[in-house]
Amino acid sequence: MAPHHIAVLGGGLTGLSSAYHLSHRFPNALITLVERSPRVGGWAESERVSLKDPKDGSEASILIEGGPRTLRPTAKSVLELVTRLDLLDDLILVPRTSPSAKNKYFHMPGQRGLLAVPSSFKGLVGSPLGACLTRAVAKEAMAFSNRDDLKDESFDSFLCRRFTAEFAEKVGSALVHGIFAADSRKLSVRAAFPVLWEAEEYGWGSVVRGFIRGRREEDVEESYYISNPVQKAMEETAVFSFRDGMDTVARATEHHLLKLKNITILKGADVKSLGVNPKDKSIEITTTSPELPELRPTHVVSTLPLPALHRVLTPTSNLPHLTTNPYSTVTVYNLIFRTDTPTPIHPAGFGYLIPRPPGGYEQPQANKEGILGCVFDSCALSAQDVMPGPTKYTKMTVMAGGPYQNRPPALDTVLQALARHLDWPKVYEPVYTRVRENRDCIPVPAPGHLERVAELRAALKEGEWRGRMEVVGAGVGGVSVGDCVEAGRWVGEGWGPSTPQLEDDECDDE
């Protein structure tokens, strides 16, 4: 039986995507989206900052991001929304030939300056990282299969087993800092980097052989609706964003949903309880909304963080494994500098990551600030900014926290660290700063995550839920924006007869 009323819990990108696709899959069903904050979009939060030029009085408009800032062209579910919501003219495209796409850096704890990540054989030979990378790849390619009966392991353990411990510490830990803001020793390789696990399988025990051999792709019919102009725009693109920031997708999706008669969006409304009535087996939800304090939907999509879902479930409706995985807390430092400094603020490139300190996170003598990395925002996304006057600005973002247990460092401490990392002759003072602690913003799937997710989904199909609730989002699947939008795209597929997805003119506003 098709649903009559669907409650979507959480108004982040997963929840918005869910509501959007459900509204087309089940156009006759009522859909109520419940979001606890006064805005939708979750961690994708963009803000414009006005800076007045002291010389001529002109005002610059600089866009800063509180969360994710770029996407890859492989995020087909997002490109589909770009097409359906007519966002092509809002795109900012970063070509593969740009410095921000080609140049990436590491900062090694305890040292001064940056190390360029080799992007060519010549760069590999001349790089201080070259020996580490060469040894790791050579060892992996020549090593026999050694997985044995492993069903999963940490990313760090995987790299140590197949490559080298040095590679795991210097490269693997830095990569995980940039994606999950987490300790690579506590992260499931199968959940976080499935392509590596699979490459080892079809490479007869070797990741390198797996990539050389290439995987035989199965014939899968893709049903994404991506217009030709959007497809063409992505052909030479390394990453993309939007002129007014990453929450452009959230705003456009909300605007579209508010035009639909069967959609209700409750903002500033928290979910108090969720469960199944033991007598009539109906789903019951209570909220803090004066408008709709009680909901009786036939189906539910929860995009809440798993611990938050655990807290609102009634005792008789509990589900397994909702509190198993930890979450990372990241403090974001948005910094804007004037460019009239004696030396450039930073080299041309995307930014840099910092590996795990040799002494570990408990006693990080070489990185007391707990900085995970830094993004050179202006290098890739200067098109977001308007600077009509003679004064020009450089924006960058520092991320700290994650596996470091110390308190967020003070701004002065961060600036002193940047002076070491970027080899400044002195500490430069920004003209604007915004510091925000994103608490529990990134779930960290621990080893065994995929098996636990399978058990969770089995529990949702059985017992009192009887397949009427789906739990999706970063805590279940991938953590990227593309993963979250993709998860929302497929909810409700097993909920009975549906209307085919709309295409071309059909996807215009009703």
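Send over the per residue convex hull volume for segment 3-52, Cα only, as a whole number of Å³. Please list the in-between numbers first.
Working: hull volume 4.5 nm³, N = 50.
Expressed per residue, the convex hull around the Cα atoms of segment 3-52 is 90 Å³.
For ASP183, list long-range residues whose amide hydrogen, built 1.01 Å from N in the peptide plane, is under 5 Å from its own amide hydrogen.
Amide H neighbours of ASP183: none.
Strictly greater than 28 Å: what percent of every Cα pair in segment 235-391 meets that?
Values: 6639 of 12246 pairs.
Beyond 28 Å sits 54 percent of the P(r) for segment 235-391.
Share of the chain's accessible area from carbon and sulfur, percent, 1.4 Å? Walk me through the intermediate numbers first.
Numbers: 12560 of 23600 Å².
Carbon and sulfur together cover 53 percent of it.
How long are the three semi-axes of the equivalent ellipsoid for segment 79-179, computed from the Cα gyration tensor as the root of 5 times each eigenvalue, in whole Å, largest first? Please list the in-between numbers first.
On the way: eigenvalues 201, 98, 38 Å².
Each semi-axis is the square root of five times an eigenvalue, giving 32, 22, 14 Å.
Enumerate by residue number the chymotrypsin sites (Phe, Trp or Tyr not before Pro) in segment 224-297 meeting two conditions: DSSP loop (anything except H, G, I, E, B), and at most 15 other Cβ atoms within 10 Å of the site's Cβ.
The qualifying sites are TYR224.
Note down the relative contact order for the chain as a percent, whole number, built from C-alpha pairs under 8 angstrom at least six residues apart. Could the numbers behind the result be given before it?
Values: 1043 pairs, mean separation 136.1, N = 510.
Relative contact order comes out at 27 percent.
What share of Cα pairs, in percent, lie more than 17 angstrom apart in segment 286-368?
Numbers: 2524 of 3403 pairs.
In whole percent, the long-distance tail amounts to 74.
Of LEU411, ALA199, ALA233, which is farthest on the positive side of the dipole of the chain, counting Cα position, with +1 on Lys and Arg Cβ, -1 on Asp and Glu Cβ, and the Cα centre as origin?
LEU411
Please report, in whole Å, how far the alpha carbons of segment 395-484 spread along each principal axis, starting with the longest.
Principal extents (Cα only, largest first): 64, 25, 22 Å.
Of VAL82, VAL195, which has the most accessible area and how do the rest follow, probe 1.4 Å?
Numbers: VAL82 0, VAL195 75 Å².
Final ranking, largest accessible area leading: VAL195, VAL82.
For LEU313, what residues show an amide H to amide H distance below 5 Å, using hydrogens built from the backbone and excluding near sequence neighbours?
Those qualifying (amide H under 5 Å, at least 5 residues apart or on another chain) are LEU274.
Would you please state the base-10 log of I(q)/I(0) at q = 0.16, 0.21, 0.22 1/Å for segment 132-242, with intensities from the Debye formula using one equal scatterer on every alpha carbon?
Here log10 of I(q) over I(0) equals -0.85, -1.11, -1.16.
How about segment 427-462: which GluC sites (Glu not before Pro) there lie in a loop by DSSP and see at most 11 other Cβ atoms within 10 Å? It would help to have the intermediate numbers written out before the result.
Details: sites: GLU437, GLU451, GLU455, GLU462; in loops: GLU462.
Of the GluC sites (Glu not before Pro), the ones in loops of segment 427-462 whose Cβ has at most 11 other Cβ atoms within 10 Å are GLU462.
Taking the Kirkwood radius as the inverse of the mean 1/r across Cα pairs, report the Rg/Rh of segment 263-314. Intermediate results must be reported in sequence, preceding the final value.
Details: Rg = 11.0 Å, Rh = 11.7 Å.
Dividing the radius of gyration by the Kirkwood radius yields 0.95.
Output needed for segment 48-129: three equivalent-ellipsoid semi-axes, defined as square roots of 5 times the C-alpha gyration tensor eigenvalues, in descending order, whole Å. Let's see the in-between values first.
Working: eigenvalues 202, 125, 30 Å².
Calculated on Cα positions only, the semi-axes equal 32, 25, 12 Å.
Of GLN384, LEU16, PRO3, which is farthest along the charge dipole of the chain in the positive direction, counting Lys and Arg as +1 and Asp and Glu as -1 at C-beta?
GLN384
Over the chain, give the accessible area per residue in Å² for a 1.4 Å probe, as an integer.
On the way: 23600 Å² over 510 residues.
That works out to 46 Å² per residue.
Calculate I(q)/I(0) for segment 321-437 by the Debye formula, one identical point scatterer on each C-alpha and no solvent, and give its log10 at q = 0.10, 0.11, 0.17, 0.18 Å⁻¹ to two decimals.
Per q value, in the given order, log10 I(q)/I(0) is -0.34, -0.40, -0.87, -0.96.
Report the normalised scattering of segment 1-137 as log10 I(q)/I(0) at q = 0.09, 0.11, 0.22 Å⁻¹, calculated by the Debye formula with identical scatterers on the alpha carbons.
Values returned for q = 0.09, 0.11, 0.22 Å⁻¹ are -0.55, -0.75, -1.34.
Could you tell me which of PRO68, LEU150, GLY57 has its Cα farthest along the dipole of segment 48-165 towards the positive end, charges placed at Cβ (Lys, Arg +1; Asp, Glu -1), taken about the Cα centre?
So the residue we want is LEU150.
Given Cβ point charges of +1 (Lys, Arg) and -1 (Asp, Glu) and nothing else, what value in debye, to the nearest 20, does the dipole of the chain about its Cα centre take?
Details: 57 positive and 63 negative charges, 313 e Å.
Around 1500 debye, computed over the chain.
Please work out the C-alpha center-to-center distance from segment 421-459 to segment 93-166 and express it in whole Å.
Result: 21 Å between the Cα centres.
Considering only C-alpha atoms, what is the centroid distance from segment 271-321 to segment 58-90, in Å?
33 Å
Using a 1.4 angstrom probe on the protein heavy atoms only, could you order GLU284, GLU254 from most to least accessible area?
Values: GLU284 55, GLU254 30 Å².
My answer, sorted largest first, is GLU284, GLU254.
With only alpha-carbon atoms counted, please give the Rg and Dmax of the chain, in Å.
For the chain, the Cα-based Rg and Dmax read 23.8, 74 Å.
Please quote Rg/Rh for segment 320-359 to two decimal places, taking the Kirkwood radius as Rh and restricting both calculations to Cα atoms.
Numbers: Rg = 17.9 Å, Rh = 15.1 Å.
Ratio of gyration radius to Kirkwood radius: 1.19.
I'd like the trypsin sites (Lys or Arg not before Pro) in segment 39-128 restricted to DSSP loop residues with at most 16 other Cβ atoms within 10 Å, sorted by number. Numbers along the way, then the final one.
On the way: sites: ARG39, ARG48, LYS52, LYS55, ARG69, LYS76, ARG84, ARG96, LYS102, LYS104, ARG112, LYS122; in loops: ARG39, LYS55, ARG69, ARG96, LYS104, ARG112.
Taking segment 39-128 and a limit of 16 other Cβ atoms within 10 Å, the loop trypsin sites (Lys or Arg not before Pro) found are ARG39, LYS55, ARG96, ARG112.
Ignoring everything except DSSP H segments at least 4 long, calculate the 222 nm mean residue ellipticity for the chain; use -39,500 (n - 2.57) per segment, divide by total residues, nearest 500. Walk me through the intermediate numbers first.
Values: 17 runs with 142 residues, N = 510.
Result for the chain, helices only: -7500 deg cm²/dmol.
The values are calculated or read from the model by the stated rules, or taken from the named source; none is laboratory data. Everything numeric here is computed off the predicted structure, so don't read it as measured data. Neighbour counts are summed over all protein chains in view; Cβ atoms, including those assigned to glycine, are modelled from backbone coordinates with ideal geometry. Accessible surface areas use protein heavy atoms only, side chains included; no ligands, DNA or RNA. Shrake-Rupley method; radii C 1.70, N 1.55, O 1.52, S 1.80 Å.
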